[in-house]
Each structure stands twice: as C-alpha cells, then as structure tokens.
Amino acid sequence: MKYPLSITVNGTPYSRVIDAKTTLVEFLRQELGLTGTKIGCAEGECGACTVLIDGIPMTACCVLALEAHGHHITTIEGLADGPDLHPIQSALIKTGAVQCGYCTPGMALSIKALLDQTPDPTATQVRQALSGNLCRCTGYQKIIEAALAAAAMMAEQTGKKDGEPQNNQ
Ligand code: FES
Ligand code: FES
C-alpha cells in the first residue's frame, strides 16, 4: 500500500507517495538522494543512521518514513552553512576524530542534539549522548574531545554575535 507523505528535511518541504514499509533512512537515501545518512546494522544498534526528528536524535532505520509525516528532519547535509562547515564538523576533523567516517554523520547529529540542549557539557554528558553511536575506528576519545571543542567554538561564536569584546591576540 502507498500513502502520501509530507515531510520537511533540512528546511525543505517534500511531498511524496511512498510504500508504507519504507523506512526513514531508505526514504532519505533513495528518494531524496541524501546519502550522508549511513546504514550500518539496520536494526537500531549502531547509530550510523542517526538523524534529528524535531531536534531529537533518532535511528532512522527504526522509523518508518510515514511516522515522520509532518515532522522536521535534520540530516548531516543540513548541518553545514553552505560552504562553511558546522563547528561540530570542523572540530571532528581538527581533533582527528574521523577515520573511515562511516559513523561520523550520526555522531555529528548526536553531538548537535546534545549541544542544542546543553551548550557546555561535561565529558560524561558527551559520553552519555554518544552511547547509542558505535565507532569501529577511533576509540571514542577523540570524538569526545571534538564534542567539547565544538561546544567551545560555538560558545565563542555566540559571544561574538552577542557583541562581547573579542580577543584578537
Ligand atoms: S543502521 Fe540504524 S542503528 Fe544501525
Ligand atoms: S570513524 Fe570509522 S566507524 Fe567511526
């Protein structure tokens, strides 16, 4: 059976008629061509498919696309601001937290959800926020360092926007 779906992805509204069994990650990758969202286990264990649904990190392999009807989805493609990487992406690169990169989109979105709610997290809070995201390469420490570095970068950017004096030294 096919049903109509209306969904907003990275700020763009889409309307499609889709099979009821289509998962959200299948819809994003196959229907919209947003292949930044990865499929690892396809059963909710690895977190590679993590996207934000109304700001909440969810494993898109475990959500039917029709369950996301009317909701706002953020994928890794929606994180950068045009050619400018999001501070989370910059921090992941700078700290050497990306090796094969397969887990990275999901990690980045879990970090974003954390920093949106908790702009100055502890390392323990970062670990908890990333507990559903598995990485086979890095050993996690650099990813945690990246999340903390991103928090600092975002706080600095917010301070600049708020007109705080800038230290140019
Ligand atoms: S692919 Fe969705 S949790 Fe592993
Ligand atoms: S960088 Fe390879 S799985 Fe995380």
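Any read-out appearing in this document is the output of simple, stated calculations on the displayed coordinates, not a laboratory observation. On a predicted model such as this, the values are computed, not experimentally measured, just so you know. Neighbour counts run over all protein chains shown; Cβ positions are idealised from the backbone, glycine included.
Less than 5 angstrom separates the built amide H of Leu5 from those of Arg16, Val17, Ile18, all sequence-distant by 5 or more or on a different chain. Pairs of Lys residues in the chain are counted when their Cα atoms are under 23 angstrom apart and they lie 8 or more places apart or on different chains; the count is 11. Between the amide H of Leu64 and those of Leu24, distances stay under 5 Å, these residues lying 5 or more places away or on another chain, with hydrogens modeled in the peptide plane.
How high is the relative contact order of the chain, in percent, counting Cα pairs under 8 Å that sit 6 or more residues apart?
Relative contact order, the chain: 21 percent.
Working from label points 7 Å from Cα in the Cα-to-Cβ sense, the Asp84 to Thr158 distance is 1.7 nm. Modelled this way, with points 7 Å down the Cα-to-C-beta line, the labels at Val17 and Asp116 are 3.2 nm from one another. Applied to the stretch 23-39, the Karplus parametrisation 6.51 cos²θ - 1.76 cosθ + 1.60 on θ = phi - 60° returns per-residue 3J(HN,Hα) values of 7, 5, 5, 5, 4, 4, 6, 8, 8, 9, x, 8, 8, x, 7, 9, 10 Hz, with x for Gly and Pro.
Taking the chain as a Gaussian network of alpha-carbon nodes connected by springs under 10 Å, the highest mean-square fluctuation of the residues Ile56, Ile88, Ile73 belongs to Ile56.
Seen against the Cα atoms of the chain and their longest principal axis, helix 141-161 is set at about 80 degrees.
For the pair Cys100 and Asp54, a Förster radius of 35 Å applied to the C-beta separation gives a FRET efficiency near 0.75, rounded to the nearest 0.05.
Based on alpha carbons, the Rg and Dmax found for the stretch 87-161 are 11.4, 38 Å. Ellipticity at 222 nm from helices only: DSSP H runs of n ≥ 4 in the chain, each -39500 (n - 2.57), divided by the residue count, give -9500 deg cm²/dmol.
Put in order of Cβ neighbour count within 10 Å, fewest first, the listed residues His69, His86 become His69, His86. Residue separation of Thr8 and Gln30 scaled by 0.36 nm, minus their Cα-Cα distance, works out to 6.3 nm of gained length. Its Cα gyration tensor gives the chain an equivalent ellipsoid. The semi-axes, each the square root of 5 times an eigenvalue, are 30, 19, 13 Å from largest down.
Maximal additional length on extending the Cys41-Ile93 stretch stands at 16.3 nm, based on 0.36 nm per residue less the C-alpha distance. Pair-distance distribution of the stretch 2-78: all C-alpha pairs, bin width 10 Å, starting at 0; shares per bin in whole percent are 21, 61, 18.
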